[in-house]
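Participant: Structure provided below as structure tokens; questions to follow.
The values are calculated or read from the model by the stated rules, or taken from the named source; none is laboratory data. Everything quoted here is computed from the prediction, not taken from an experiment. Here the Cβ positions follow ideal geometry from the backbone for every residue, glycine too, while neighbour counts run over all protein chains shown.
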Protein chains: 2
Amino acid sequence: MSEMLEQMSEYVHDLQDRITTTIGELDGVSFKEDSWERPGGGGGRSRVLQDGNVFEKAGVGVSVVHGQLSPEAAIEMGGGQEIKDLSFKAVGLSLVMHPRNPMAPTVHCNYRYFERGDGSEPGSWWFGGGADLTPSYLFEEDAEHFHKVHKEACDKHGEDLYPRFKKWCDEYFYLGHRQEARGIGGIFFDNFNERSPEECFAFAKDCGDTFLPAYVPVMERRKDMEFTEEEHLWQQIRRGRYVEFNLVWDRGTKFGLRTNGRTESILMSLPVTARWEYCHEVEEGSREAQMLDVLKHPREWVK
Amino acid sequence: MSEMLEQMSEYVHDLQDRITTTIGELDGVSFKEDSWERPGGGGGRSRVLQDGNVFEKAGVGVSVVHGQLSPEAAIEMGGGQEIKDLSFKAVGLSLVMHPRNPMAPTVHCNYRYFERGDGSEPGSWWFGGGADLTPSYLFEEDAEHFHKVHKEACDKHGEDLYPRFKKWCDEYFYLGHRQEARGIGGIFFDNFNERSPEECFAFAKDCGDTFLPAYVPVMERRKDMEFTEEEHLWQQIRRGRYVEFNLVWDRGTKFGLRTNGRTESILMSLPVTARWEYCHEVEEGSREAQMLDVLKHPREWVK
């Protein structure tokens, strides 16, 4: 393993510890851990909290894997068209949390480091990641807070980063067949190697460290709110959209399923339950319509 | 429209009428219809029964569409690599029915005729389709019946057809990332143009006419069976697998979403509700384990 792979591995394992401890305390139910090995090389440590008090399902996984890319996958992953050495190594943390309460947003975050070959060629290593929020009901203060703390983390590394990665997030987490965003966004970046490895790593760490301060205050405000059966049904329909995004559009999911990743860890991101109603419609002027409007017209949440 | 497009259009509209009448009577709740136009050209007639007595959701759609293929889509769809005229016309019927009772199987069937250009070049027209059954619990007599009547329809056109198309069905409706089949199969064929257009059409019609006699007797045996809450949960998990197949593997779904198909009609195939549990396991020797065993080891159902 290269030095950077080791450093990133240490970082994401520590971040997983911090996140599962804090979220486990918030819920009152602890995460259960299982470790797994990937037949093609490497393995991971998945921690899942299912059927909690606050969370229907919350999964936080780290993985350190290596293997061989198919030529098509190598080209699709970028970093130049002429690739001789198809070996790759990747280390990352990935999490998705689906709260019970329809007023509380689902959250996703993922930080990863990727190396092709020995990572010494220009463009053969990069960082990627980000975090984004998917509410069923819009609370502007939650969206503002989530974006604000991520902007602060980005700004430490240059004021150009947040606007670029906020926009990229809106574009990436987009359901083309629905013409709507998955949620209210956050940040997303990929193939990030425009600075030295150490500077890129420092940036990824600052973003990763932002997860808990970005999400926990939101959950504390929402987890015990009252809700109706209709609001629960709307949440279930939004869960269906979440499934659609992950299975139809998400590159990480497709890459995982295509490279013989561990299915249960990849699909840990899916909600426990989801719902599809034919031609479901929302009432004009309702809170559901307000949510859809924001998904169709992404906003700037920080001035 | 070519003569064959017109004939096939007439056939699938009539088949839709027959199916929705019979299934509506079986359920006690009628299908609701809506017609739609496709921005790229053509349109369809969708009929959906939601929240019925017997069916959680049943959708039967016909569509007659035309448009332009992307060069990649044209190549992927077969029929030769050198394609100058990218226009296409397609007519088809597609249905999925998800019963409430976990003892009653989900069914899918689809018959379609496709023409590239004016359909006069060899390999530029074909029929495709099939029908397959997806139970949550195995009843051997249901599987045997479903296969037997489809074999009879095929045999009228040559005894080689059923074995080929039964095998193709097992291979097509397969979840690579789960290493299991979607259900207990049926028949599946594509790019079928090895005989004259009239003979191919006659074959597709005989298969289409087999849907009701294949499925209705099974439903009559299963729709009112008693079941437990655990059996309902297992059905929900199997529904999750159905969603995974349709969104990750099904070529028809991908083609539809990629060619600006009508999303609500394409995703009409999804169940109302589905469930994902992390690392769900079944008890050895249970009926759930027996079902999984058949999905992992497809059987011959007709001698």
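Participant: Evaluate the following for residue B:226: is it in contact with a Cys (Cβ under 9 Å, 6 or more places away or on another chain) and part of a loop (DSSP other than H, G, I, E, B)?
Facilitator: On the way: in contact with a Cys (Cβ under 9 Å, 6 or more places away or on another chain): no; part of a loop (DSSP other than H, G, I, E, B): yes.
No.
Participant: Quick test of your reading of the structure: residue B:216 fulfils all but one of (1) part of a loop (DSSP other than H, G, I, E, B); (2) farther than 30 Å from residue A:281 by Cα. Name the failing condition by number.
Facilitator: Looking at each condition in turn, residue B:216 falls short on (1).
Participant: Among B:181, B:214, which is the only one that is under 23 Å from residue B:15 (Cα atoms), at pLDDT 95 or above and small (Gly, Ala, Ser)?
Facilitator: Exactly one residue qualifies, and that residue is B:214.
Participant: Hey, can you tell me all the residues within the range B:253-267 that are within 19 Å of residue B:182 (Cα to Cα) and at the interface with chain A (Cβ under 7 Å from one of its Cβ atoms)?
Facilitator: B:267, the sole residue that qualifies.
Participant: Looking only at the range A:268-279, decide whether some residue is facing another protein chain (nearest Cβ under 9 Å), part of a loop (DSSP other than H, G, I, E, B) and among the polar types (S, T, N, Q).
Facilitator: no
Participant: Condition first: outside any strand (DSSP E or B), closer than 30 Å to residue A:66 by Cβ, of a type in the set (Gly, Ala, Ser) and within 10 Å of another protein chain (Cβ to nearest Cβ). Can you find one or more residues in the range A:231-252 that meet it?
Facilitator: No: the range A:231-252 contains no residue that is outside any strand (DSSP E or B), closer than 30 Å to residue A:66 by Cβ, of a type in the set (Gly, Ala, Ser) and within 10 Å of another protein chain (Cβ to nearest Cβ).
Participant: Taking the range A:268-303 only, how many residues are under 18 Å from residue A:90 (Cβ atoms) and in contact with an Asp or Glu (Cβ under 9 Å, 6 or more places away or on another chain)? Steps first, answer last, please.
Facilitator: Looking only at the range A:268-303, we keep the residues that are under 18 Å from residue A:90 (Cβ atoms), and these are A:268-269.
Pick out the ones that are also in contact with an Asp or Glu (Cβ under 9 Å, 6 or more places away or on another chain) and you get A:269.
Number of matching residues: 1.
Participant: For the range A:1-106, which strands (runs of 3 or more DSSP E) that fit wholly inside it have 1 or more residues that are in contact with a His (Cβ under 8 Å, 6 or more places away or on another chain) and in contact (Cβ under 8 Å) with a residue 24 or more places away in the chain?
Facilitator: It comes to A:42-50, A:55-68, A:87-99.
Participant: Condition (residue is within 14 Å of chain A (Cβ to nearest Cβ), without any contact (Cβ under 8 Å) to a residue 12 or more places away in the chain and exposed (fewer than 15 other Cβ atoms within 10 Å of the Cβ)) applied to the range B:286-303: is it met by at least one residue?
Facilitator: Within the range B:286-303, none of the residues are within 14 Å of chain A (Cβ to nearest Cβ), without any contact (Cβ under 8 Å) to a residue 12 or more places away in the chain and exposed (fewer than 15 other Cβ atoms within 10 Å of the Cβ).
Participant: Give me the residue from the range B:111-125 that is surrounded by 22 or more Cβ atoms within 10 Å (Cβ to Cβ) and at pLDDT 95 or above and, out of that set, farthest from residue B:226 (Cα to Cα).
Facilitator: Among those that are surrounded by 22 or more Cβ atoms within 10 Å (Cβ to Cβ) and at pLDDT 95 or above, it is B:113.
Participant: Hey, another quick one. Answer yes if at least one residue in the range B:48-59 is buried (at least 16 other Cβ atoms within 10 Å of the Cβ) and under 15 Å from residue B:92 (Cα atoms), and no otherwise.
Facilitator: yes
Participant: A further question follows. Of everything in the range A:77-94 that's out of contact with any Leu (no Cβ under 7 Å at 6 or more places or on another chain) and at pLDDT 95 or above, which residue is surrounded by the most Cβ atoms within 10 Å (Cβ to Cβ)?
Facilitator: Top of the filtered list is A:94.
Participant: Answer yes or no: is there a residue in the range A:176-191 that is under 20 Å from the mean Cα position of the chain (by Cα), touching a residue at least 24 places away in the same chain (Cβ under 8 Å), within 14 Å of chain B (Cβ to nearest Cβ) and within 23 Å of residue A:128 (Cα to Cα).
Facilitator: yes
Participant: May I pose another question? Going through the range B:215-245 one residue at a time, which ones are polar (S, T, N, Q) and under 21 Å from residue B:278 (Cβ atoms)?
Facilitator: If the condition is that a residue be polar (S, T, N, Q) and under 21 Å from residue B:278 (Cβ atoms), then B:235, B:236 are the ones that fit.
Participant: Follow-up. Select, from B:65, B:29, the only residue that is farther than 29 Å from residue B:184 by Cβ, more than 15 Å from the chain's Cα centre (by Cα) and among the β-branched types (Val, Ile, Thr).
Facilitator: Within the list B:65, B:29, the selection yields B:65.
Participant: A further question follows. Does residue A:74 meet the test of being at pLDDT below 95, of a type in the set (Gly, Ala, Ser) and out of contact with any Ser or Thr (no Cβ under 9 Å at 6 or more places or on another chain)?
Facilitator: Judged against the criteria, residue A:74 is a match.
Participant: Moving on to the next point. Test residue A:59 against the stated conditions and say whether it is in contact with a Lys or Arg (Cβ under 9 Å, 6 or more places away or on another chain), modelled with pLDDT of 90 or more and within 14 Å of chain B (Cβ to nearest Cβ).
Facilitator: Yes: the conditions hold for residue A:59.
Participant: Looking at the range A:199-252 only, could you name the residues that are among the aromatic types (Phe, Trp, Tyr), more than 23 Å from residue A:110 (Cβ to Cβ) and surrounded by fewer than 20 Cβ atoms within 10 Å (Cβ to Cβ)?
Facilitator: A:227
Participant: Does residue B:259 satisfy the condition of being over 22 Å from residue B:57 (Cβ atoms) and among the hydroxyl-bearing types (Ser, Thr, Tyr)?
Facilitator: Criteria met by residue B:259.
Participant: How many residues are of a type in the set (A, V, I, L, M, F, W, C) and within 12 Å of chain A (Cβ to nearest Cβ) if we restrict to the range B:25-40?
Facilitator: So in the range B:25-40, the residues of a type in the set (A, V, I, L, M, F, W, C) come out as B:26, B:29, B:31, B:36.
Add one more test, that the residue is within 12 Å of chain A (Cβ to nearest Cβ), and what stays is B:31, B:36.
So the count comes out to 2.
Participant: For the range A:211-246, what are the residues that are farther than 21 Å from residue A:292 by Cα and without any contact (Cβ under 8 Å) to a residue 12 or more places away in the chain?
Facilitator: A:226 - this is the single residue of the range A:211-246 that is farther than 21 Å from residue A:292 by Cα and without any contact (Cβ under 8 Å) to a residue 12 or more places away in the chain.
Participant: Another one. Does residue B:160 meet the test of being acidic (Asp, Glu), in contact (Cβ under 8 Å) with a residue 40 or more places away in the chain and surrounded by fewer than 20 Cβ atoms within 10 Å (Cβ to Cβ)?
Facilitator: Against the criterion (acidic (Asp, Glu), in contact (Cβ under 8 Å) with a residue 40 or more places away in the chain and surrounded by fewer than 20 Cβ atoms within 10 Å (Cβ to Cβ)), residue B:160 does not qualify.
Participant: Taking the range B:166-193, which residues are crowded, with 18+ Cβ neighbours inside 10 Å, of a type in the set (Lys, Arg) and assigned to a helix (DSSP H, G or I)?
Facilitator: Within the range B:166-193, just B:166 meets the criteria.
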